[in-house]
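The values are calculated or read from the model by the stated rules, or taken from the named source; none is laboratory data. Owing to the predicted nature of the structure, the values given are computational and were not obtained by experimental measurement. Don't worry about glycine lacking a Cβ; one is built from the backbone with ideal geometry, like all the others, and counts go over all protein chains shown. What goes into the accessible areas is simple: the full protein's heavy atoms, side chains included, and nothing from ligands, DNA or RNA. Shrake-Rupley method; radii C 1.70, N 1.55, O 1.52, S 1.80 Å.
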Amino acid sequence: MALFLLYETAAGYALFEVHGIDEIGQNTEAVRNSVTDMNRFGKVVKLRSFNPFTSALEGLEQINAVSEGIMTDELRTVLETNLPKVKEGKKPKFTLGVLESKIGSHIHEATKIPVQSNEFVGELIRGIRQHFEKFVGDLKPGDFEKAQLGLGHSYSRAKVKFNVNRVDNMVIQAIFLLDTLDKDINSFAMRVREWYSWHFPELVKIVNDNYLYCKIAKFIEDKSKLAEDKIEALTDLVGDEDKAKEIVEAAKASMGQDLSPVDLINVHQFAQRVMDLSDYRRRLSDYLTAKMNDIAPNLQSLVGDSVGARLISHAGSLTNLAKCPSSTLQILGAEKALFRALKTRGNTPKYGLIFHSSFIGRASAKNKGRMARYLANKCSIASRIDCFSENGTSAFGDKLREQVEERLDFYDKGVAPRKNIDVMKSAIESADNNDAEMQTEEVSAKKTKKRKQKATEDDMAVDKAEETTNGDVEHKSEKKKKKKEKRKLDQEVEVQEQVVDDGANGESGKKKKKKSKRKDTE
């Protein structure tokens, strides 16, 4: 039976034909010995076809599909055109050798081509990989290396950019930085206490908090200048008037030595730096909370931000943590104690990093091991849900936390907890309800946006209509005003004419009366 080999390269798909299988007898050792010699290996394996990729983007798409075990249309056409055709109802007289069994099964399901994937095929493909440039003569020296380098960079870049919001590397870096900041802030605060105690040693016993001590040391500076008029400001810092008065009284009778202005300036600046680091540590903790809510909401709601982030950091990634069994997760962080116990044949540790969870501290001494085992079981479930679920929800983590609380009550008071299947059903229902609420909120938000847009469009149309109507009304009113003005002017002209006529008529009447009187006298 003929054997064909499929070799996926960065430049394209290559199909090889193997001759003399009967002579070799599929002896892996013989193939391994003949791989290094091209003269012997070239007689057994010969290139049948080489189909290069048209672009780097197509190469990236094809290799992504191959890595996921999916046969693309291009690969199917390569196989159908170059492999011998099989008549209907007859068994094929050849087999196809592939390196990855996952893509081999998909090829067999789609094309019914018999696929072989074993150590013998692996050794043959190893030889093809070693002498590939000699098989393909059209390649220039250095082209294949460039194709491999470019495809490797683009493939890695695509994997790194995959789902940016759920990159757990940010959580690992943040928890490492938090631990470092805690150590540094603690050591720096102790240095401020020791330095300023040469000037004001009584303040150490009055103020215990490191951040508050730095604040007060920055405010006081020179203890000789501290008077009763600063009690109100001290009260705002300390939060207690009695403690502020105690600080003022202690400054008056202090046994510390005086410091020069330059020394006080340095202490002031160092205290400010410690306060800035403390503020940054608080902001970083908020950032870690937000990232854990995006990456592992169920693990966060079960054991908290810091414990969940430390578990992810110690495992290397959320995927590695999800692959761990609960027994491994239980002692994660206590590897040294475990191997020491195995070496000395002593008792193995009961818990590792999950000891920092509040549930272990609340359990009694005899139940701490049981509680650690139960909590590790629930953490394993929560990490797997967070890793492999598409929708990020904390509904399962809340229900798992309720189960741990019920288990604590069972150990302390004997109250029987609920069954796991009932809790998971309620968690699934709550998760579905949350998804439905999110969808309704999105739909309502879209509707409100559309309504606002329509309202604005209607307002614009109304404004335009009002502008046009106002323009018409103003034009009409102007016409009416002009007509009224013309009428008034006409009326005034008529009145003046009447007055003039009346005056003329009156004078003529008087003259007539005078003439009649004259006639009467005569």
Check: Of the residues that sit in region 249-264 and are within 53 Å of the chain's Cα centre (by Cα) and loosely packed, with under 11 Cβ neighbours inside 10 Å, which one is farthest from GLU202 (Cα to Cα)?
Finding: VAL262
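Could you tell me whether GLN148 is closer than 18 Å to PHE53 by Cβ, over 27 Å from the mean Cα position of the chain (by Cα) and not charged (D, E, K, R)? Write out each step before concluding.
Numbers: closer than 18 Å to PHE53 by Cβ: yes; over 27 Å from the mean Cα position of the chain (by Cα): yes; not charged (D, E, K, R): yes.
Spelling it out, GLN148 is indeed closer than 18 Å to PHE53 by Cβ, over 27 Å from the mean Cα position of the chain (by Cα) and not charged (D, E, K, R).
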Next item on the list: Identify the residue in region 378-428 that is open to solvent by 50 Å² or more (accessible area, probe 1.4 Å) and of a type in the set (S, T, N, Q) and, among all such residues, is nearest to ALA315 (Cα to Cα).
Entry: ASN391
Notebook entry, point to check: What are the residues in region 265-299 that are open to solvent by 30 Å² or more (accessible area, probe 1.4 Å) and within 23 Å of HIS356 (Cα to Cα), if any?
Noted result: ARG281, ARG282, ARG283, SER285, ASP286, TYR287, THR289, ALA290, LYS291, ASN293, ASP294
Margin query: Looking only at region 318-344, how many residues end up being open to solvent by 20 Å² or more (accessible area, probe 1.4 Å) and of a type in the set (Gly, Ala, Ser)?
Written below: 4
Item checked: Meets criteria (polar (S, T, N, Q) and within 31 Å of the chain's Cα centre (by Cα)) for ASN347 -> no
Notebook entry, point to check: Assuming SER357 fulfils every condition listed in (1) modelled with pLDDT of 90 or more; (2) within 20 Å of SER313 (Cα to Cα); (3) surrounded by fewer than 19 Cβ atoms within 10 Å (Cβ to Cβ) apart from one, which condition is it?
Noted result: (3)
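Residues checked against (1) open to solvent by 50 Å² or more (accessible area, probe 1.4 Å); (2) on the phi > 0 side of the Ramachandran plot; (3) in contact with a strand residue (DSSP E or B) (Cβ under 8 Å, 6 or more places away or on another chain); (4) modelled with pLDDT under 90:
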| site | (1), (2), (3), (4) |
| --- | --- |
| ASN169 | yes, no, no, yes |
| THR180 | yes, no, no, no |
| MET190 | yes, no, no, no |
| TRP198 | yes, no, no, no |
| TYR213 | no, no, no, no |
| ALA227 | no, no, no, yes |
Checklist line | Conditions (1) free of Cβ contacts under 8 Å to residues at least 12 places away in the same chain; (2) of a type in the set (Ser, Thr, Tyr); (3) within 30 Å of GLN62 (Cβ to Cβ): number failed by THR235 | finding: (3)
Notebook entry, point to check: Can you name the condition, by its number, that ASN64 falls short on among (1) more than 19 Å from ARG126 (Cβ to Cβ); (2) modelled with pLDDT under 85?
Noted result: (2)
Note to self: Scan region 262-271 and tell me whether some residue there is touching a Pro at 6+ places or on another chain (Cβ under 8 Å) and farther than 30 Å from LEU400 by Cα.
What the structure shows: no
Check: Do any residues in region 267-281 that are within 13 Å of TRP195 (Cβ to Cβ) have Cβ atoms under 7 Å from those of residues that are among the hydroxyl-bearing types (Ser, Thr, Tyr) and in a helix (DSSP H, G or I), where the two are at least six apart or on different chains, and which pairs are they?
Finding: VAL267/TYR196
Note to self: Report every pair of residues separated by at least 6 positions or lying on different chains whose Cβ atoms are under 7 Å apart, first residue within region 428-440 and part of a helix (DSSP H, G or I), second modelled with pLDDT of 70 or more and open to solvent by less than 90 Å² (accessible area, probe 1.4 Å).
What the structure shows: SER430/ALA395; ALA431/THR393; ALA431/ALA395; ALA431/PHE396; ASN434/THR393; ASN434/ALA395
